[in-house]
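Taking it in order: structure first as structure tokens, then the write-up.
The values are calculated or read from the model by the stated rules, or taken from the named source; none is laboratory data. Keep in mind the model is a prediction, meaning the values are calculated, not measured. FYI the Cβ positions are ideal-geometry reconstructions off the backbone, even for glycines, and counts take in every protein chain you see. Side chains included, ligands, DNA and RNA excluded: accessible areas come from the protein's heavy atoms. Shrake-Rupley method; radii C 1.70, N 1.55, O 1.52, S 1.80 Å.
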Amino acid sequence: MVDADQTFVIVGGGLAGAKAAETLRSEGFTGRVILIGDERDHPYERPPLSKGYLLGKEERDTVFVHEPAWYAQADVELHLGQTVVSVDRAAKAVHLGDRAVIHYDKLLLATGAEPRRLDVPGTGLVGVHHLRRLAHADRLRQVLTGLGRDNGHLVIAGAGWIGLEVAAAARTYGAEVTVVEPETTPLHAVLGPELGQMFTDLHAEHGVRFHFGATLTEITGQDGMVLAARTDDGEEHPAHDVLAAIGAAPRTGLAESAGLEIADRAHGGGVVVDGSLRTSDPDIYAAGDVAAVHHPLYGTRLRVEHWANALNGGPAAARAMLGQDVAYDRVPYFFSDQYDVGLEYSGWAPPGSYDQVVVRGDAGKREFVAFWLSEGRVLAGMNVNVWDVTDTIQKLIRTGARPPAESLSDPSVPLESLLG
Ligand SMILES: Cc1cc2nc3c(=O)[nH]c(=O)nc-3n(C[C@H](O)[C@H](O)[C@H](O)COP(=O)(O)OP(=O)(O)OC[C@H]3O[C@@H](n4cnc5c(N)ncnc54)[C@H](O)[C@@H]3O)c2cc1C
């Protein structure tokens, strides 16, 4: 049993951090819980920032993980707008930007990720944007409203999830949208080429222009304002605003300078944790976007940058901090909404890991489930406008099922019957 006079400190006021604080209390921890976040807003969920909130359909107060009053009620000491600048492992203390020093008995790093920056001339111009924080979404909402009103042009660098979701929102506002992407299909690193075409078609039908096989090399401007975006094939795309949506990097700076083990950058980086989300220091844990955990199903270390991983990983780390047995091996999961297409993806099957893609349902109507297989084994599944199948898809993945491809692709064969 953990002593009541212990202090557990959580660095990072995002979903993983807030959920960890909640779990410490719901599991009966009576010591001090201190949650430190460098944003001024209370912990919030980021998915609405590129969907309902960006579109003006969801109110600001719906994005928060807890109501502001919850923190005092749960006796969680919240330090907002405060940055932890270093971790002194020998003294078991964190140092804040205002020079305050806070002792910890156990520490959770839930520092998340930050948008990768474009490394090209012109990024200092006023109309160049990123999307990670509420303030970014507020700004982008204003920008999209203006572009829609004035038939303005938005160039998006990167056809990943955030790039595509913002493209959908921008078209809904009526902006002209060009997406520049070095690969030949959207979402290539996640889905491979086979399913990418569906997203190309979906967005093209809504008026998005894609420029594939090209990299943005310069943003030109005049009087501090964006004029155009140039690509490495010499093309110039008119632009009033540019969104850099080229991925996120884990915020490992604190962990690195504290000498904790960091995963290979080529494989996504992140703070190395074991199956109980413990770092190379037994009193320090990591969860959410920043943590790289060995996944027993895939036999590799994964850093999962998705909502469900923060939602479940924060609580799992909290339970481990309390001394409970934790084996964090959830099947990776995420969701996306673009126009009238909603989807969920479970598993992990980047290009090179699978040898077959099987589609069940009508891909043309965008109502189907796709499966990625390796030697017949289901690695991942994505349901598009088909609902209530995620549990079964995850069971197929978890059990290492090898259903016959002809049954998997046949909607008249119940998915459950393929569990064996
Ligand atoms: C626009 C957008 C849309 C998304 N949509 C989806 C989606 O549809 N589906 C999905 O599955 N996932 C989605 N995601 C991903 C999902 O939001 C993330 O996986 C999730 O936010 C990770 O939570 P986290 O708590 O690990 O990190 P974060 O949410 O990044 O929180 C970390 C917090 O720690 C703070 N911090 C960092 N360092 C310090 C420090 N030294 N001191 C103090 N504070 C610090 C950060 O500022 C931040 O507030 C989306 C992300 C974005 C940005």
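So the values come out like this:
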item	result
Leading residue by the ranking (least open to solvent (accessible area, probe 1.4 Å)) among those in segment 290-344 that are within 16 Å of the ligand (Cβ to nearest atom) and of a type in the set (Ser, Thr, Tyr)	Ser336
Residue in segment 287-306 that is farther than 28 Å from Gly400 by Cα and touching a Ser or Thr at 6+ places or on another chain (Cβ under 8 Å) present	no
Hits in segment 289-315 - residues which are out of contact with any Lys or Arg (no Cβ under 9 Å at 6 or more places or on another chain) and either farther than 16 Å from Ala380 by Cα or charged (D, E, K, R) (or both)	Arg301, Arg303, Glu305
Selection from segment 93-117 of residues that are among the hydroxyl-bearing types (Ser, Thr, Tyr) and open to solvent by 10 Å² or more (accessible area, probe 1.4 Å)	Thr111
Filter result (in contact (Cβ under 8 Å) with a residue 60 or more places away in the chain, closer than 20 Å to Ala248 by Cβ and charged (D, E, K, R)) within segment 99-153	Glu114, Arg116, Arg117, Arg132, Arg133
Among (1) over 19 Å from the mean Cα position of the chain (by Cα); (2) open to solvent by 10 Å² or more (accessible area, probe 1.4 Å); (3) within 16 Å of the ligand (Cβ to nearest atom) - the single one Arg251 does not satisfy	(1)
So Leu396, is it in a helix (DSSP H, G or I) and over 30 Å from Tyr53 (Cα atoms)	yes
Where Val11 falls short, out of the listed (1) in contact with a Gly (Cβ under 9 Å, 6 or more places away or on another chain); (2) in the same structural domain as Val290 (by TED's automatic domain parsing); (3) more than 8 Å from the ligand (Cβ to nearest atom); (4) open to solvent by less than 50 Å² (accessible area, probe 1.4 Å)	(3)
Single unsatisfied condition, Leu227 versus (1) among the aliphatic types (A, V, I, L, M); (2) within 16 Å of the ligand (Cβ to nearest atom); (3) not assigned by TED's automatic domain parsing to the domain that holds Asp88	(2)
Test for Pro48: is it out of contact with any Leu (no Cβ under 7 Å at 6 or more places or on another chain) and either modelled with pLDDT of 95 or more or acidic (Asp, Glu) (or both)	yes
Any hit, segment 169-177, residues being open to solvent by less than 10 Å² (accessible area, probe 1.4 Å), more than 16 Å from the ligand (Cβ to nearest atom) and in the same structural domain as Ala239 (by TED's automatic domain parsing)	yes
Scope segment 27-63; condition within 15 Å of the ligand (Cβ to nearest atom), polar (S, T, N, Q) and surrounded by fewer than 22 Cβ atoms within 10 Å (Cβ to Cβ); matching residues	Thr62
